[in-house]
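Okay, structure first, notes after.
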């Protein structure tokens, strides 16, 4: 008798990293932001997210949006909050719900093409360093409301809940 074991945590981390980045791309394109900046940063984003999911240091991946004329005034934000115990007893199914992402975009609204954006990773202490990522602080969300749309990506014990911010 032969026994085959598969380490699904590696597959789940890869799936979650790939599909969170795919969802960020969807948000940027459907929100009418310039996708060129994302393309330039893709290798750094991919390396950071994959590294920190594998080490279980990534707590949240955020897209912050502001008007280029007022860099201190946040006009939009999307958070992917990581759950490391999402479906610990599940069958290892890997999934993505692009409709959940689409609905968050519709509810948050679109932005002018000249708006700027950046990605912020919130990591647990002791995270490994990844080239291209530097420490930063979130922009203020004063005057904004955080709304959750539920889990957008799941795989094995990993999940990513999606929230967005809007004025009011």
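Taking the fewest neighbouring Cβ atoms within 10 Å as the starting point, the ordered list for 49, 44, 149 is 44, 149, 49.
With the cut-off at 1.5 for a/c, could you classify the stretch 53-106 from its C-alpha gyration tensor as rounded, prolate or oblate? Oblate, because a/c is 1.5 or more while a/b does not exceed b/c. Helical runs (DSSP H, four residues minimum) scored at -39500 (n - 2.57) apiece and divided by the length of the chain put the mean residue ellipticity at 222 nm at -10500 deg cm²/dmol. Take the Cα of residue 107, step 7 Å toward its Cβ, do the same at residue 85, and the gap between the two points is 2.6 nm.
The share of alpha-carbon pairs in the stretch 18-79 lying farther apart than 16 Å comes to 50%. Take every pair of alpha-carbon atoms less than 8 Å apart whose residues are at least six positions apart; their mean separation over the length of the stretch 10-136 yields a relative contact order of 38 percent. Panel order for 38, 106, by other beta carbons found within 10 Å of each beta carbon, from fewest to most: 106, 38. Rounded to 0.05, the FRET efficiency of the residue 99 and residue 56 pair, given R0 = 25 Å and the Cβ-Cβ distance, is 0.35. Relative to the longest principal Cα axis of the chain, at what angle does helix 36-54 sit, 0 to 90 degrees, rounded to 10? Tilt of helix 36-54: around 40 degrees. Overall form of the stretch 57-146: oblate. Here a/c, set by the Cα gyration tensor axes a ≥ b ≥ c, is 1.5 or more, and a/b is not larger than b/c. Shown for 146, 22: other C-beta atoms within 10 Å of each C-beta, ranked fewest to most, produce the order 146, 22. Shape class of the stretch 128-168 from the Cα gyration tensor (axes a ≥ b ≥ c, square roots of the eigenvalues): oblate, since a/c reaches 1.5 or more and a/b does not exceed b/c.
Only the coordinates and a few stated rules stand behind these numbers; no lab work does. If you're wondering where the values come from, they're calculated on a predicted model, not measured in any experiment. Neighbour counts run over all protein chains shown; Cβ positions are idealised from the backbone, glycine included.
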